[in-house]
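**Q** Dropping the structure in here first, questions after.
The values are calculated or read from the model by the stated rules, or taken from the named source; none is laboratory data. Keep in mind the model is a prediction, meaning the values are calculated, not measured. In this analysis, Cβ positions are derived from the backbone assuming ideal geometry, glycine residues included, and neighbour counts consider all displayed protein chains. We work out accessible area using only protein heavy atoms, side chains counted, and drop any ligands, DNA or RNA first. Shrake-Rupley method; radii C 1.70, N 1.55, O 1.52, S 1.80 Å.
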Amino acid sequence: MKKILILLVVALAMTGCRILNPSVMLKTPKDYKYAVMKDSMANLEYRISANDIIEFRLYSNDGFKLTDVTSSTTTSATGQNLNQNVLQYPIDIDGYVKLPVLGRTLLKGLTVRDAEKMLEEKYSLYYIRPFIMLKVTSRRVIIFPGTFGASKVIFLEHNNTTLFEALALAGGLAYDGKAYEIKLIRRTSDKPEVYHIDLSTIEGLKEGNIVLQANDIIYVENRLRIASSLVNEVAPIFSILSSLILIYEIGLLVKP
């Protein structure tokens, strides 16, 4: 019996704290230095990046009559394409897109507004007062709201979607999610930038209004439930232990 108890204690010690909350991801050490949140990030416009997919429309005469010269279709006064045949163009890994007439054109790093202005200047060599409409259709972020099995990939339909809006699209924070332990992980050319965000108080309003970029990861740490975790993880061990004890007692009974 003593050996069995010793084995049980050793098994629990070897698992450590992971036995209580094994689903926690993206842990950071206590002395980890998070990236500094800048005020300008709340007003930061989305910038086109590699692997984006854009909808592109080119109109002439500053959009008068809204006739799309790239597809010979007509658009209504509300901006709706009448034949719904919208062409999409992928941004390659180097940040270039292959557009009609212009060919390969660098758009990576530009805001949608800046890209439209730049393309209007280029197309002015071929068309009278060109009018450009761009829309990025593939922007997405990954959200882990704080509970197992509830993670989602959210597509950002608007150019300047905020953290609050993305969390709302994902259904809000989970019941077990910690509003004061949110990580925003943003990919950069060098290494990922990790921001620590606290939305548990009104002071977090500024951080919640940060404009998201494509491929951002929003991770909400889940609350540790010690009692239920212990029951779920230790129950199989006690089941094995009780079976061993039963076998031991039966062995004593049949011992001559």
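**Q** Test each condition in (1) in a loop (DSSP other than H, G, I, E, B); (2) buried (at least 16 other Cβ atoms within 10 Å of the Cβ); (3) modelled with pLDDT under 80 for LEU241 and report the one that comes out false.
**A** (1)
**Q** Now a separate question. Considering only the range 88-129, state which residues are free of Cβ contacts under 8 Å to residues at least 24 places away in the same chain and among the β-branched types (Val, Ile, Thr).
**A** The one that is free of Cβ contacts under 8 Å to residues at least 24 places away in the same chain and among the β-branched types (Val, Ile, Thr): THR105.
**Q** To continue, here is another question. Quick one: VAL36 ticks every box in (1) exposed (fewer than 10 other Cβ atoms within 10 Å of the Cβ); (2) farther than 30 Å from THR188 by Cβ; (3) among the β-branched types (Val, Ile, Thr); (4) modelled with pLDDT of 80 or more bar one, so which box is it?
**A** (2)
**Q** Mind listing whichever residues of the range 44-64 are over 20 Å from THR161 (Cα atoms) and open to solvent by 30 Å² or more (accessible area, probe 1.4 Å)?
**A** Matches in the range 44-64: ARG57, ASN61, ASP62, PHE64.
**Q** Return the residues of the range 111-149 that are closer than 17 Å to ILE218 by Cα and in contact with a strand residue (DSSP E or B) (Cβ under 8 Å, 6 or more places away or on another chain); say none if nothing qualifies.
**A** Across the range 111-149, the qualifying residues are ARG139, ARG140, VAL141, ILE142, ILE143, PHE144, PRO145, GLY146, THR147, PHE148.
**Q** Go through the range 201-234 and count every residue that is surrounded by 13 or more Cβ atoms within 10 Å (Cβ to Cβ), at pLDDT 80 or above and over 30 Å from THR137 (Cα atoms).
**A** Residues that pass the stated criteria total 1.
**Q** What residue, among those in the range 89-112 that are part of a loop (DSSP other than H, G, I, E, B) and surrounded by fewer than 17 Cβ atoms within 10 Å (Cβ to Cβ), is farthest from the chain's Cα centre (by Cα)?
**A** VAL101
**Q** A further question follows. Assuming GLU157 fulfils every condition listed in (1) at pLDDT below 85; (2) of a type in the set (Asp, Glu); (3) surrounded by 13 or more Cβ atoms within 10 Å (Cβ to Cβ) apart from one, which condition is it?
**A** GLU157 satisfies every listed condition except (3).
**Q** Okay, moving on. Specify the residue that is nearest to VAL194 (Cα to Cα); the eligible residues are those in the range 29-52 that are of a type in the set (S, T, N, Q) and either in contact with a helix residue (DSSP H, G or I) (Cβ under 7 Å, 6 or more places away or on another chain) or in a loop (DSSP other than H, G, I, E, B) (or both).
**A** SER49
**Q** Let me ask something additional. From the list GLY146, GLY171, pick out the single residue that is farther than 21 Å from GLY109 by Cβ, in contact (Cβ under 8 Å) with a residue 24 or more places away in the chain and either surrounded by 17 or more Cβ atoms within 10 Å (Cβ to Cβ) or touching a Gly at 6+ places or on another chain (Cβ under 8 Å) (or both).
**A** Checking each option against the conditions leaves just GLY146.
**Q** How many residues are charged (D, E, K, R), within 14 Å of LYS27 (Cβ to Cβ) and open to solvent by 40 Å² or more (accessible area, probe 1.4 Å) if we restrict to the range 179-200?
**A** Of the residues in the range 179-200, 1 are charged (D, E, K, R), within 14 Å of LYS27 (Cβ to Cβ) and open to solvent by 40 Å² or more (accessible area, probe 1.4 Å).
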